Structure formats: structure tokens, C-alpha cells
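The values are calculated or read from the model by the stated rules, or taken from the named source; none is laboratory data. If you're wondering where the values come from, they're calculated on a predicted model, not measured in any experiment. All Cβ positions, even for glycine, are placed from backbone atoms using ideal geometry, and neighbour counts span all protein chains on display. Areas reflect the complete protein model, heavy atoms only, side chains present, ligands, DNA and RNA absent. Shrake-Rupley method; radii C 1.70, N 1.55, O 1.52, S 1.80 Å.
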Amino acid sequence: MIRVVLPAHLRTIAHVDGEVTVDVPGEVTQRSVLDALEAAYPTLQGTIRDRGTQKRRAFVRFFACEEDLSHEPPDAPLPEEVATGREPFLVIGAMAGG
């Protein structure tokens, strides 16, 4: 099971509290984790990725193992610690403004 941490506004949309887990068959990548997350919580479709292009929304960032993975290819394998459930995959709402 893959652990996923969502920002507060996405937890509200998904009607969950705290960390969620999703089952990811096969290789653990950003795409496979987000596919599993959207399948488990359909209300999240279009909130993290654009529905048409499947590209990450501008003010959403991905982190794992203290690394920013936001600009990594969506099919690049995630760190082993995430794939084994030792570390969570974090979806973070980016901050802007001054």
C-alpha cells in the first residue's frame, strides 16, 4: 500500500481525514499513484492533474523522501521508500504571493 498525504483542501474534497493509502499494482510512479488515488477518490479527478492532459496543476507540488519530484517525468519510478510504504508520497499545495 502506498501512503499519500494530501493538503487540507483536497482532504475535504475527498472526505478523508489525515493520510490515505492506495493499492498500486505494478511499478510505483507518480502516474500510477495518482491514477489509484483518483480511482479510490473520484472527487479528486481534475484537482491534482488536468483531466484532459493529465499534467500536474500549476500550484500543486509532489514530494517524497524530502525531495521535490514535481518536475520529474510522471512515469519515473518513485523512491523505494515510497514503493514499500515506509515513506509517504506528499501532494502539496504550492504557495504564491508576497
- Task: Find all pairs meeting these conditions: Cβ atoms under 6 angstrom apart; at least six residues apart or on different chains; first residue within segment 53-82 and of a type in the set (A, V, I, L, M); second residue assigned to a loop (DSSP other than H, G, I, E, B).
- Result: Val60/Ile48; Ala64/Leu78; Ala64/Pro79; Leu78/Val28
- Message: Conditions first: (1) at pLDDT 95 or above; (2) out of contact with any strand residue (DSSP E or B) (no Cβ under 8 Å at 6 or more places or on another chain); (3) among the hydrophobic types (A, V, I, L, M, F, W, C). Met95 passes all but one, so which condition is the exception?
- Response: (1)
- Item | Scope segment 21-55; condition closer than 16 Å to Leu78 by Cβ, among the aliphatic types (A, V, I, L, M) and over 10 Å from the mean Cα position of the chain (by Cα); matching residues | Val22, Val24, Val28
- Item | Filtered residues of segment 66-80 (kept if of a type in the set (Asp, Glu) and more than 17 Å from Arg56 (Cα to Cα)) | Glu66, Glu80
- Note on the structure: Taking segment 8-23 and keeping residues assigned to a loop (DSSP other than H, G, I, E, B) and farther than 13 Å from Pro88 by Cβ leaves His15, Val16, Asp17, Asp23
- Query: Does segment 50-98 hold any residues that are among the aliphatic types (A, V, I, L, M), assigned to a loop (DSSP other than H, G, I, E, B) and surrounded by 15 or more Cβ atoms within 10 Å (Cβ to Cβ), and which are they?
  - Reply: Leu69, Leu78
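Report the residue count in segment 1-20 for those that are free of Cβ contacts under 8 Å to residues at least 60 places away in the same chain and not small (Gly, Ala, Ser).
Pass one, segment 1-20, residues free of Cβ contacts under 8 Å to residues at least 60 places away in the same chain: 8, 11-18, 20.
If we keep only those that are not small (Gly, Ala, Ser) too, we end up with 11-13, 15-17, 20.
Of the residues in that region, 7 qualify.
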- Query: Counting only residues that are outside any helix (DSSP H, G or I) and touching a residue at least 24 places away in the same chain (Cβ under 8 Å), which one in segment 25-49 is most open to solvent (accessible area, probe 1.4 Å)?
  - Reply: Glu27
- Task: Being among the small types (Gly, Ala, Ser) and buried (at least 16 other Cβ atoms within 10 Å of the Cβ) is the filter here, so list the residues in segment 2-24 that pass it.
- Result: Ala14
